[in-house]
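Read the figures in this text as sums done on the coordinates, not as results from a lab. No experiment lies behind these values; they were computed from the predicted model shown. Glycine also receives a Cβ, built like all others from the backbone with ideal geometry; neighbour counts cover every protein chain displayed.
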Amino acid sequence: MSRSRRLVELVRALKEAESGVVTARALAERFDVSERTIYRDMATLIESGVPIEGEAGSGYQLAVGGGPPPLTLSWPEAEAAWLGTTLLTYLAKDDREAAAHRVKARLSKVLGDDRVARLDRILETLETGESPNPTPLLNAWNRARERGETVKVRYGRTRETATEYAGRPGQTLRLGPALVLFLETADGMMALRGDRIVKLVVHAP
């Protein structure tokens with residue numbers, strides 16, 4: 001049995017436990033692995049957000065009312081979920097935005113760097129067309145991109161909490177009312193929400 005399959009079966013075993021609490025020894029015997037392997041698997045499940053209570057030596061159980069049951073996704077489904085969640089991080093606000101970032105982080109960890117890099121390239125090459133309502137920010141961004149200029153961006157919810165990034169402006173993306181701008185930095189491509197850019201400074205090449 002693969003580890004990914006065992007993780008799913010471990011959650012199922014906890015759900016089916018009559019007493020509610022299952023020891024690592026019992027799980028190790030059931031899945032024909034060592035107790036140390038069960039400890040590692042449980043740590044992985046807890047880290048990924050599965051509502052498990054307990055610890056090594058005392059047994060494990062699912063938390064009461066701890067949320068929906070875990071899902072098993074195929075690779076294409078996980079990639080589609082990553083793309084959708086990434087787009088949601090550009091559109092959502094407050095708690096929904098924070099939840100979208102958490103889900104994206106978990107999916108990124110499962111998918112791995114190579115898959116995530118490929119998905120990033122898909123986002124970068126989306127055909128967006130012309131914005132129906134150009135803004136001063138969008139006009140300045142597009143001019144800098146066409147001229148090969150670099151930009152410095154102050155980015156955040158407020159001027160006081162904004163962080164500065166520098167790089168070359170890339171493609172833009174319209175998602176309903178939201179504007180997303182891609183910035184090529186020294187650390188890789190970043191996706192920035194237009195409504196979070198508090199200042200844009202253009203530098204000639």
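With respect to the stated conditions, VAL33 is outside any helix (DSSP H, G or I), in contact (Cβ under 8 Å) with a residue 12 or more places away in the chain and either of a type in the set (Val, Ile, Thr) or under 30 Å from GLY194 (Cα atoms) (or both). Residues ARG115, ARG96: which one is of a type in the set (Lys, Arg), crowded, with 16+ Cβ neighbours inside 10 Å and touching a helix residue (DSSP H, G or I) at 6+ places or on another chain (Cβ under 8 Å)? Within the list ARG115, ARG96, the selection yields ARG115. If you go through the range 16-38 and pick out every residue that is under 27 Å from SER108 (Cβ atoms) and touching a strand residue (DSSP E or B) at 6+ places or on another chain (Cβ under 9 Å), you end up with 1.
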